[in-house]
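Following: one structure in structure tokens, then a few remarks.
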Amino acid sequence: MELSGSIAAEPQPSASLLMVDGISKRFGGVRALRDVNLEVVSGEVHALLGENGAGKSTLIKILSGVHAADSGTIEIAGKPATFDSPARSREAGIAVVYQDLSLVESLSVADNLLLGREPRARFGFVRKRELMARAEAFLGELGIPLDTKATVGSLPFAYRQMTEIAKALMGEVRLLILDEPTSSLTSDEVRILFDAIGKATRRGVGVIYVTHRLNEVFEISQRVTVLRDGANAGTFVTADTDMKRLVNAIIGTDRLAPAASRATPAAARSFDSSPVLSLSGVSNDRLSAVDLSVMKGEIHGLAGLIGSGRTEILETIFGLRPAESGTLEIEGRPWLPKSAADAIDQGVALVPEDRHVQGLVLDHSIERNITLPRIPHFSRWGFMQQRAAFRRADAAVARLSVKAQGASSLVRTLSGGNQQKVVFGKWNDPRPRVLLLDEPTVGVDVGAREEIYGVIRNAARDGSGVLIVSSDLVELIELCDRISVIVDGRVARTLVRGEIVDAEELHHLLQIYQASGQGVLQELPA
Amino acid sequence: MTELTAPNVVASSTRSDRRRKLLHNLLRGERPYMLYIAFVVLLVVFSLSSPWFLSVDNFLNIGRQTTLVSIIAVGMTFVIIARQIDLSVASTLALSGMAAALAMSQISNSWIVGAIAGLGTGALVGLLNGILTTQLSIPSFLVTLGSLSMARGLAMMVTNTKPVIITNETYFAIFGEGTFLGIPVPIAWTLVAMIVGILLLHYNVFGRRIYAVGGNPTAALYSGINTKWVTTAAFVLTGALAGLAALVLSARSHAARPDVVQGMELDVIAAVILGGCSLFGGRGYILGTLFGSLIIGTLNNGLVLLGVSSPMQLVIKGAIIVAAVAFTKR
């Protein structure tokens, strides 16, 4: 509100910072962008929405000079501009903050901020004191709470991102492009990021804010442009629109109906069977006496802030992190996971948090990735049965409706949602006893998200026990039969479906437990 | 009629698809055909500039001269695809040759004993390289820089730098001087190494794992692959192939010498990289490696035939390797 107020105070709303007019771009036979228009005014946060593959990334790459548009014009502050290289785009005052950061982790915040622009003495020696002073003065002016001497690699993710934004603002930046900046931040960290953005816009910087999280759009942006299938699907003044209209524009009206008809069963399901997986008193360097059980067919959520130990619970079960004490049982049999291979043998599957780093070999085909955990199943006498492998991969591609030319497409060429489906495909057949999911829908667009929810529900219906970690509390409430709140490496409380109905309430609970440090252990009967 | 022909059309198209895929697998790898063009250009240039170059004898000569590099390069392809490097191969060859010759002179003058000693020593050095790299998490560049020095030192220590004479005629015939189906055995052994390499890398489960470990070690680990074991196996294979190369060399010269092929690891690595392997792992193919090593062998041979002085040969060879890699880069 405060932000839009400052914009209203500006006398010329017509003074646009960026005017993109009728941009088109074709990659081979694919029309990535068709006649796209976008206007950003000074001091505005302009949200850019759309499913993966809708053209957001292409548009950003054109603005940052990575790709050249086939037709259409770009004007910066009323003057026509052409960007044939990232350097030219940067000269025009456009800075892009990518999801994967471009900082040197071994250097300090100040060194990173002035990288390549260090104040120099004779013979190329760096004036260290001046460098520190300039970095500190700049951060002070922006009001960004960063320690200039801290090594970037030692900072939490949100602070690295802030360093990145500060670095972008250090030059003569007029337009700042943020590509899904909050995808791996906790809600507190998001708050810090939004403050930094507010400080930038108050200096007259225009911001293009790309996100999948609609609630953020309402919180931070003044206007929203939605892309669908490479074309404009509408530009809205944020204050005059609502969630429903945006979702409508993103996925198209025809697809909205089935999503709306999906009703969440409020009643708790009962599981008369014994647990497929149970942990009691499991401890190691990051966990302290974790008690947890997952029933056959149950979807069990783990809610907690980043660093609470929720990911470590999955890693311990998957054999990547040794359990030092306590016992694990799989279908009633005691079992100590020793390695990932051991866990896979027991029918445990993990869809890890970072699909690019942990889940996929990006330069390999879908088929290679899907068969990776079960290579011996596709071999005879040690030799690959290529046809069997492709048959399995083709089946997985069809069942999970991965949008790709075929199983031999490189995973790198797929959109985020489709890449995530490939990670699921690795564990699809045979059905895992225990399916561990870590942030399964991060960076996945609205449509693919629904499809992934379908995949998860199907896995549970087929009898897998699902343990899911997510920062998206709405997602947990929608999917889970039970939710365990993780604080400081232990289960603070387990909630049964129906006990908590909205994310606001769950969020509140998380904060309370986190604040009190030691949550009261209150295991509720399943 | 149409109903009869239609399935045939489908069948033949899938068969030709499969053939195309096979060709693609073997020849192209990840890169365009620049490698083969470069090789042909080299052949044409040398044929035009030297009257002796274009002859069967000379090609057999090139084949013989490149055997050592080609055999070891097969193993190095696995190592480099797995994001590692092995600098110790030339020293391993020297040590393996000494082990083979000493085993035959000290234990029993049988070619089998010599072969086991040579291959075993090579594999053992590879095993140590692999274990140190994976278990102690030391970069393989450093581990094998150390074993380069240690293996060479050991080879020199055992006889106080004296060569060991080999007298076993069968050994000479099998590894050095005989022919197999009309092919000189050194070339036959190269072909064996190539075929085993192609089967292992492109058709075997092991190859899948090597590519995955090199393409993304974390994802491979999360998929339950024993990345340490797979990496170690690549080093063992390379060591064993260095052992095979040692057998070929010692059988050809009727002796094992501790100071042979110093610096050859660079030719091996150059061959693999020329052949289209990525130093960043996850990419590469055996036939590319063969052509890489043929290019280096042809260069050596052609420059000698042209009467280029040996210091100048080194300069030209180095420049051409850098130019070729720059040229074939995507």
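The values are calculated or read from the model by the stated rules, or taken from the named source; none is laboratory data. Because the structure is a prediction, the values reported are computed rather than measured. Quick reminder, even Gly has a Cβ in these numbers, built from the backbone with ideal geometry, and neighbours come from all protein chains shown.
So, in the stretch A:306-338, of the ones that are within 12 Å of chain B (Cβ to nearest Cβ) and touching a Phe, Trp or Tyr at 6+ places or on another chain (Cβ under 9 Å), which residue ends up nearest to residue A:432 (Cα to Cα)?
Selected residue: A:318.
Could you go through the stretch B:163-171 and let me know if any residue there is of a type in the set (D, E, K, R) and crowded, with 17+ Cβ neighbours inside 10 Å. Working first, answer last.
First, the residues of the stretch B:163-171 that are of a type in the set (D, E, K, R): B:169.
From what's left, crowded, with 17+ Cβ neighbours inside 10 Å: none.
No - not one qualifying residue is present in the stretch B:163-171.
Hey, which of the strands (runs of 3 or more DSSP E) in the stretch A:266-320, taking only ones fully inside, have at least 1 residues that are of a type in the set (A, V, I, L, M, F, W, C), over 26 Å from the mean Cα position of the chain (by Cα) and modelled with pLDDT of 90 or more? Working first, answer last.
Working: elements: A:275-283, A:290-295, A:299-303.
Output list reads A:275-283, A:290-295.
Kindly evaluate residue A:351 against the criterion of being free of Cβ contacts under 8 Å to residues at least 24 places away in the same chain and either within 27 Å of the chain's Cα centre (by Cα) or crowded, with 16+ Cβ neighbours inside 10 Å (or both).
Details: free of Cβ contacts under 8 Å to residues at least 24 places away in the same chain: no; either within 27 Å of the chain's Cα centre (by Cα) or crowded, with 16+ Cβ neighbours inside 10 Å (or both): yes.
So residue A:351 does not fit the description; no.
Out of all the residues in the stretch A:416-431, is one or more within 12 Å of chain B (Cβ to nearest Cβ), outside any helix (DSSP H, G or I) and surrounded by 16 or more Cβ atoms within 10 Å (Cβ to Cβ)?
Yes.
Output the residues belonging to the stretch B:260-277 that are on the phi < 0 side of the Ramachandran plot and either surrounded by 20 or more Cβ atoms within 10 Å (Cβ to Cβ) or touching a Pro at 6+ places or on another chain (Cβ under 6 Å) (or both).
Our first condition is that a residue be on the phi < 0 side of the Ramachandran plot; within the stretch B:260-277, this holds for B:260, B:262, B:264-275, B:277.
Across the stretch B:260-277, the qualifying residues are B:260, B:265, B:267, B:268, B:269, B:270, B:271, B:272, B:273, B:274, B:275, B:277.
If you take the residues of the stretch B:228-252 that are of a type outside the set (A, V, I, L, M) and away from every other protein chain (no Cβ under 14 Å), which of them is surrounded by the most Cβ atoms within 10 Å (Cβ to Cβ)? Walk me through it before giving the result.
Initially, the stretch B:228-252 is screened for residues of a type outside the set (A, V, I, L, M), giving B:228-229, B:231-232, B:235, B:238-239, B:243, B:250, B:252.
Next cut, away from every other protein chain (no Cβ under 14 Å) only: B:231-232, B:235, B:238-239, B:243, B:250, B:252.
Details: B:231: 26, B:232: 23, B:235: 31, B:238: 32, B:239: 34, B:243: 30, B:250: 30, B:252: 18.
Checking each candidate, the answer is B:239.
Residue under question is residue A:361, and the condition is that it be within 11 Å of another protein chain (Cβ to nearest Cβ), in a loop (DSSP other than H, G, I, E, B) and buried (at least 21 other Cβ atoms within 10 Å of the Cβ); does it hold? Before you say what the answer is, go through the steps one by one.
On the way: within 11 Å of another protein chain (Cβ to nearest Cβ): yes; in a loop (DSSP other than H, G, I, E, B): yes; buried (at least 21 other Cβ atoms within 10 Å of the Cβ): yes.
It is true that residue A:361 is within 11 Å of another protein chain (Cβ to nearest Cβ), in a loop (DSSP other than H, G, I, E, B) and buried (at least 21 other Cβ atoms within 10 Å of the Cβ).
How many of the residues in the stretch A:374-389 are assigned to a helix (DSSP H, G or I), within 7 Å of chain B (Cβ to nearest Cβ) and surrounded by fewer than 20 Cβ atoms within 10 Å (Cβ to Cβ)? Break it down stepwise before answering.
Of the residues in the stretch A:374-389, the ones assigned to a helix (DSSP H, G or I) are A:374-378, A:386-389.
Keeping just the survivors that are within 7 Å of chain B (Cβ to nearest Cβ) gives A:375-376.
From the residues that got through so far, the ones that are surrounded by fewer than 20 Cβ atoms within 10 Å (Cβ to Cβ) too are A:376.
Final tally of qualifying residues: 1.
Got a sec? Which helices (runs of 4 or more DSSP H) wholly within the stretch B:226-330 have at least 1 residues that are within 21 Å of the chain's Cα centre (by Cα) and modelled with pLDDT of 90 or more?
Helices (runs of 4 or more DSSP H) meeting the threshold: B:227-253, B:264-274, B:286-305.
Assuming residue A:349 fulfils every condition listed in (1) among the small types (Gly, Ala, Ser); (2) away from chain B (no Cβ under 14 Å); (3) touching a strand residue (DSSP E or B) at 6+ places or on another chain (Cβ under 6 Å) apart from one, which condition is it?
Answer for residue A:349: the failing condition is (2).
Out of everything in the stretch A:404-415 that is within 13 Å of chain B (Cβ to nearest Cβ) and not aliphatic (A, V, I, L, M), what residue ends up being farthest from residue A:452 (Cα to Cα)? I'd like the intermediate steps shown before the answer.
Initial filter on the stretch A:404-415 (within 13 Å of chain B (Cβ to nearest Cβ)): A:406-408, A:410-412.
This time we only want the ones that are not aliphatic (A, V, I, L, M), so: A:406, A:408, A:412.
Numbers: A:406: 19, A:408: 22, A:412: 19 Å.
By that ranking, first place goes to A:408.
Of everything in the stretch B:174-206, what is farther than 14 Å from residue B:251 by Cβ, outside any helix (DSSP H, G or I) and away from chain A (no Cβ under 14 Å)? Give them in sequence order.
B:181, B:182, B:183
State whether one or more residues within the stretch A:413-429 are more than 20 Å from residue B:215 (Cα to Cα) and among the β-branched types (Val, Ile, Thr). Reasoning before the result, please.
Taking the stretch A:413-429 and keeping what is more than 20 Å from residue B:215 (Cα to Cα), we get A:417, A:428-429.
Add one more test, that the residue is among the β-branched types (Val, Ile, Thr), and what stays is none.
The answer is no, given that none of the residues of the stretch A:413-429 is more than 20 Å from residue B:215 (Cα to Cα) and among the β-branched types (Val, Ile, Thr).
Looking at the stretch A:280-299, which of its residues are surrounded by fewer than 18 Cβ atoms within 10 Å (Cβ to Cβ) and among the polar types (S, T, N, Q)?
A:280, A:283, A:288
Are there any pairs with C-beta distances below 8 angstrom linking a residue in the stretch B:287-313 that is surrounded by fewer than 22 Cβ atoms within 10 Å (Cβ to Cβ) to a residue that is of a type in the set (D, E, K, R) and assigned to a helix (DSSP H, G or I), with the two at least 6 apart or on different chains, and if so which?
Taking only residues 6 or more apart or on different chains, the pairs are B:299/B:317; B:300/B:317; B:303/B:317.
Output the residues belonging to the stretch B:207-227 that are at the interface with another protein chain (Cβ under 7 Å from one of its Cβ atoms) and surrounded by fewer than 22 Cβ atoms within 10 Å (Cβ to Cβ).
Passing the criteria: B:218, B:221, B:226.
Restricting attention to the stretch B:174-186, report how many residues are small (Gly, Ala, Ser), touching a helix residue (DSSP H, G or I) at 6+ places or on another chain (Cβ under 8 Å) and without any contact (Cβ under 8 Å) to a residue 60 or more places away in the chain. Spell out the reasoning first.
Within the stretch B:174-186, the first condition is being small (Gly, Ala, Ser), and the residues that meet it are B:176, B:178, B:182.
Next cut, touching a helix residue (DSSP H, G or I) at 6+ places or on another chain (Cβ under 8 Å) only: B:176, B:178.
From what is left, the residues that are without any contact (Cβ under 8 Å) to a residue 60 or more places away in the chain are B:178.
Matching residues across the stretch B:174-186 total 1.
Condition test on residue B:293, is it more than 20 Å from residue B:186 (Cα to Cα) and among the polar types (S, T, N, Q)? Let's see the steps before the verdict.
Working: more than 20 Å from residue B:186 (Cα to Cα): no; among the polar types (S, T, N, Q): yes.
Taking the combined requirement at face value, the residue does not satisfy it.
Determine, yes or no, whether residue A:344 is within 8 Å of another protein chain (Cβ to nearest Cβ) and modelled with pLDDT under 90.
Details: within 8 Å of another protein chain (Cβ to nearest Cβ): yes; modelled with pLDDT under 90: no.
Taking the combined requirement at face value, the residue does not satisfy it.
Helices (runs of 4 or more DSSP H) wholly in the stretch A:66-172 with at least 1 residues that are out of contact with any Leu (no Cβ under 9 Å at 6 or more places or on another chain) and closer than 26 Å to residue A:193 by Cβ - which ones? Show your work before the answer.
Working: elements: A:86-91, A:109-113, A:128-142, A:157-170.
Ranges flagged: A:86-91, A:128-142.
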